[in-house]
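A short worksheet on the structure shown next.
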Protein chains: 2
Amino acid sequence: MQLVVQKYGGSSVATLEKMNKVANAVIKRKKEGFNVVVVVSAMGKTTNNLIEMAKSISKEPCKRELDMLMATGEQVSSSLLSIIFQEKGYDSISLTGFQAGIKTEGVHTKNKISEIDTDKIKRYLEEDKIVVVAGFQGINTEGDITTLGRGGSDTTAVALAAKLKCECEIYTDVDGIYSVDPRLFSNAKRLDYISYEEMMEMSCLGAKVMEARSVELAYKYNVPIYVASSHQKGKGTYIKELDKEMEHKVITGLTVSDNVLMETINQVPYSSEYISDIFSRLAKEEVNIDMISQTSSGDGYVNISFTTSKEDEGTVDAVMKEYIKNTPGINVKKDTDITKISVVGMGMRNESGVASKIFKLFSDNSINFKQVTTSEISISYIINASDKEKAVNVLCEAFNL
Amino acid sequence: MQLVVQKYGGSSVATLEKMNKVANAVIKRKKEGFNVVVVVSAMGKTTNNLIEMAKSISKEPCKRELDMLMATGEQVSSSLLSIIFQEKGYDSISLTGFQAGIKTEGVHTKNKISEIDTDKIKRYLEEDKIVVVAGFQGINTEGDITTLGRGGSDTTAVALAAKLKCECEIYTDVDGIYSVDPRLFSNAKRLDYISYEEMMEMSCLGAKVMEARSVELAYKYNVPIYVASSHQKGKGTYIKELDKEMEHKVITGLTVSDNVLMETINQVPYSSEYISDIFSRLAKEEVNIDMISQTSSGDGYVNISFTTSKEDEGTVDAVMKEYIKNTPGINVKKDTDITKISVVGMGMRNESGVASKIFKLFSDNSINFKQVTTSEISISYIINASDKEKAVNVLCEAFNL
């Protein structure tokens, strides 16, 4: 018998009515001859409500206890969904993370799956049960209940599919992966396929449909992922190994992030000591640096720009203030009214000239960029926030996104 | 270091504010030099709300899934309470039933504790943590989450106290055990002490403060129980081994139940075959019989009365209808407008004449009784519901309750 892992997110199981629709979709698959493992998130805003309750007690509630608290959300939705299957005449059983054999390690609220013992799931599947697994959670070696952080239920689903050697279907509130967020470019195209690498790059650069870690896990174990809408029919997007069908596009997608802070430091004495000092101070405060560029001003000094996320603004301000004290004559400028636009595509690996094509496009349309970085399959530009819409339209049209 | 198990019921932890008060009470005990294991119920009406959700899906939701669903209630309250302790500067850890080593057996929603492995609790107590245990739940040999049925959190607390060899304190919304429900007799006295046997008898006869099974467990392992109010100061009631202090009263308490249905069958042929036929038919339908009395009408026929709970009325009606068909000439009468009044007291074991004293009291006050049964430490009367108030007052005054 064929097997599939399906994952339904919080908005797909927000009410009993919506769960009923989920159950019908699963049963349809069952009737097609599939054994189904269903991974569910907590109903609607449950997790946020639980966190709020804990935060009303303590600004920083103990993470071990937060995990204990949050894990109840998926336990509730999995048992209710299982009751719905039974009411519809299908044998079903719900399993918490630990019952499903999901062992984790790491820090609470951000655990990673270390091992899955699927014996129990396999036994229940052999008994022709629809197995409903509480997503987002597991158990560590201490026997504590753990959670997997953002996108944790996706990770549960992909990891189970990897272990059970089957396809993983992610049902969510969008109908697939788009070349660009349709809210930014109304003609955005839904992709039929995207490679693991492109999807990871897009996730890292700000696409919110899937977390990079779940895609990475799928890539590592070669698990095909199908992302589709839980409430509307029609095709979704396959995330899978690059094949010929997918190779004809140079640029697959475009991502945009407004959560960018850029610091520019002028007149830094050209000495690795001064430069490394900046970044070691930032690292000590756990500020994640995204882009870095350095140019020489030709007179024994260099200019340095780096970007980070706006959440770190306060910390960066404090670090830079200290740094200036120790390095007189230096000049620091902060930009927050900026946007990062990235284009992603496996085609870039083999095709040169993408960067220059974009430079030309920007120049023709009077878009100034403040910084640029390239990776093997992506190029990112920092532009003024006011140019965002224009830049998105220009790029989407030029690359047929 | 001394150790105590404290249990707080659903109404004591209904809101974060109330939990805060519970935390202060526990900390007070901690400061007195006690290690504390706290057993909590689910917040307020949580369990009922979860059951209602399941019942809105299915009239008879699978009990295994119901257990999975209900167990989340105590998991939430235990983790929140633990966060409150930490916020107040006290190290604490919450444990689900399975983490606390509570192993159970039996049918879902009505499991019994089979074994407790307290190693983990002991270790955390040695680390000076306040251990908060989710009441009402455990895990069976299959690895399924189970619940312990009515009064399950009390059972958890008593069983833990038995295993840890310490006293068990039950904090609830009443300030102890009363000789009679104060809503029925406003001068009712709170008892300082009551023996295990009397408490069990009173629980079986309808007193709602504690379930008989928890008291029975305490009796078996000789765990002293202290029942008191979680929201008001003042003394509560000890449930413990009978000692001299407690022996001077003949009648310790009085219980009243309106949930009684009485069937009277006249003209049953005097043959064990006919009589046993009635009760085997009822047993087959899982009707629990409470009182039975049989009298001879002197002409080869007998009259039989029995009582059961009103919930079984439909089943009893159907069974009696069938029985009449097979036993022509028989005459069946049903009474539902009746009340059962029971007096309980260890003193009855050594003192005769209690029944006759009550017969006299009833006769003097024109109270007719329809049925009477006696056990070693209790006597129960079925009277007309309209005589309830009068009977309660007469008995309470006569026996100084």
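Once both labels are modelled 7 Å past Cα along the beta-carbon direction, what's the B:THR336-A:THR374 spacing in nm?
Computed distance between label sites B:THR336 and A:THR374 equals 8.6 nm.
Given the Cα atoms of the stretch B:252-380, and with Rh set as the inverse mean 1/r over their pairs in the Kirkwood sense, what is Rg to Rh to two decimals?
For the stretch B:252-380, the value is 1.00.
Given the DSSP H assignment, sum -39500 (n - 2.57) over each helix run of at least 4 residues in chain B and divide by its residue total; what's the result at 222 nm in deg cm²/dmol, nearest 500?
After summing the helix terms and dividing by the residues of chain B, the value is -11500 deg cm²/dmol.
Where does each of B:THR315, B:THR172 land when they are ordered by accessible area, with a 1.4 Å probe and the largest first?
Per-residue accessible area, sorted high to low, gives B:THR315, B:THR172.
Going out from 0 in 20 Å bins, what whole percent of all Cα-Cα distances in the protein assembly as shown drops into each bin?
For the protein assembly as shown, the binned pair fractions read 14, 34, 30, 15, 7, 1, 0 percent.
Considering only protein heavy atoms and a 1.4 Å probe, what is the carbon-and-sulfur percentage of the accessible area of the stretch B:44-153?
48
Quick one: net charge around A:ASP154, please, counting Lys, Arg +1 and Asp, Glu -1 for every other residue with C-beta under 10 Å from its C-beta.
It works out to a net charge of +2.
Please label the shape of the stretch B:5-91 as rounded, prolate or oblate, based on the square roots a ≥ b ≥ c of the eigenvalues of the alpha-carbon gyration tensor (a/c under 1.5 means rounded; beyond that, a/b larger than b/c means prolate, else oblate).
prolate
When N is the residue count of the stretch B:134-179, what does its C-alpha Rg come to as a fraction of 2.2 N^0.38 Å?
1.37
Mind checking the full-extension length gain between B:ASN326 and B:ASN365? Use 0.36 nm per residue of separation minus the Cα-Cα distance, one decimal, nm.
9.8 nm
Using the beta-carbon distance between A:ASP117 and A:ALA385 and R0 = 51 Å, what value does 1/(1 + (r/R0)^6) give for FRET efficiency, to the nearest 0.05?
Once the sixth-power term is evaluated, E becomes 0.55.
Leaving ligands, DNA and RNA out of it, work out the accessible area of A:TYR171 with a 1.4 Å probe and give it in Å² to the nearest 10.
About 30 Å², rounded to the nearest 10.
For chain A, take the longest principal axis of its alpha carbons; what is the angle in degrees between that and the long axis of helix A:46-57, to the nearest 10 within 0 to 90?
70
Can you pull the Kirkwood radius for the stretch A:261-335, inverse mean 1/r over Cα pairs, to one decimal in Å?
After inverting the mean inverse Cα-Cα distance, the result is 12.3 Å.
Express the Stokes-Einstein translational diffusion coefficient of the stretch B:2-173 in µm² s⁻¹, to the nearest whole number, given a Kirkwood radius over alpha-carbon pairs, 37 °C and a viscosity of 0.692 mPa s.
208
Just grab the label-to-label distance for A:ASP192 and B:LYS21, each label 7 Å out from Cα along the Cβ direction, in nm (one decimal).
6.6
Semi-axes of the equivalent ellipsoid of the stretch A:215-317: what are they in whole Å, largest first, if each equals the square root of 5 times a C-alpha gyration tensor eigenvalue?
Semi-axis lengths for the stretch A:215-317 are 41, 18, 14 Å.
Rounded to the nearest 10 degrees, what's the angle between the helix B:63-87 long axis and the longest principal axis of chain B, both from Cα atoms, 0 to 90?
Once rounded, the angle reads 40 degrees.
Evaluate the distance, in nm, between pseudo-label points positioned 7 Å from the Cα of B:ASP317 and of B:SER271 along their respective Cα→Cβ axes.
Taking the simple label geometry, B:ASP317 and B:SER271 are separated by 3.1 nm.
How much accessible area per residue does chain B have, in Å², with a 1.4 Å probe?
Computed with neighbouring chains in place, this is 45 Å² per residue.
Counting only other chains, and only Cβ atoms inside 10 Å, what mean value do you get across the residues of A:342-353?
0
For the rotation that brings chain B onto chain A, whose beta-carbon in chain B is nearest the axis, and what is that distance in whole angstrom?
Its Cβ sits closest to the axis: B:THR72, 2.
How many angstrom separate the Cα center of the stretch B:62-136 from the Cα center of the stretch A:19-89?
Distance between centres, Cα-based: 21 Å.
Please report, for A:VAL107, the nm distances (one decimal) from its label point, 7 Å out from Cα along the beta-carbon direction, to the equivalent points in the remaining copies, shortest first.
Its label point is 4.9 nm from the equivalent points in the other copies.
How many percent of the alpha carbon pairs in chain A exceed a separation of 41 Å?
24
Tell me, which longest segment in chain B has none of the GluC sites (Glu not before Pro) that fall in DSSP loops with at most 14 further Cβ atoms within 10 Å?
Free of exposed loop sites, the longest segment is B:143-240.
Would you work out which of B:SER179, B:ILE275, B:GLY353 lies farthest towards the positive end of the dipole of chain B, given +1 charges on the beta-carbon of Lys and Arg and -1 on that of Asp and Glu, about the Cα centre?
Toward the positive end, the furthest listed residue is B:SER179.
Accessible area, 1.4 Å probe, largest first: how do B:LYS233, B:LYS370 sort?
These residues rank, largest area first, as B:LYS233, B:LYS370.
I need the calculated FRET efficiency for the pair A:GLU126 and A:LYS284, taking r as the beta carbon distance and R₀ as 45 Å, to the nearest 0.05.
That pair, A:GLU126 with A:LYS284, gives E of 0.25.
Using protein heavy atoms only (no ligands, DNA or RNA), what is the total accessible area buried between A and B, 1.4 Å probe, nearest 100 Å²?
In total, chains A and B hide about 3200 Å² from solvent.
Too long at a 27 Å Cα-Cα cut-off: which of A:LYS321/A:LYS370; B:LYS63/B:LYS208; A:LYS110/A:LYS208; A:LYS189/A:LYS334; A:LYS122/A:LYS220?
Pairs exceeding the cut-off: A:LYS189/A:LYS334.
The values are calculated or read from the model by the stated rules, or taken from the named source; none is laboratory data. Since the model is a prediction, treat every value here as computed from it, not as a measurement. Positions of Cβ are generated from backbone atoms using ideal geometry, with glycine treated the same way; all protein chains shown enter the neighbour counts. Calculation scope for accessible area: heavy atoms of the full protein, side chains included, ligands and nucleic acids excluded. Shrake-Rupley method; radii C 1.70, N 1.55, O 1.52, S 1.80 Å.
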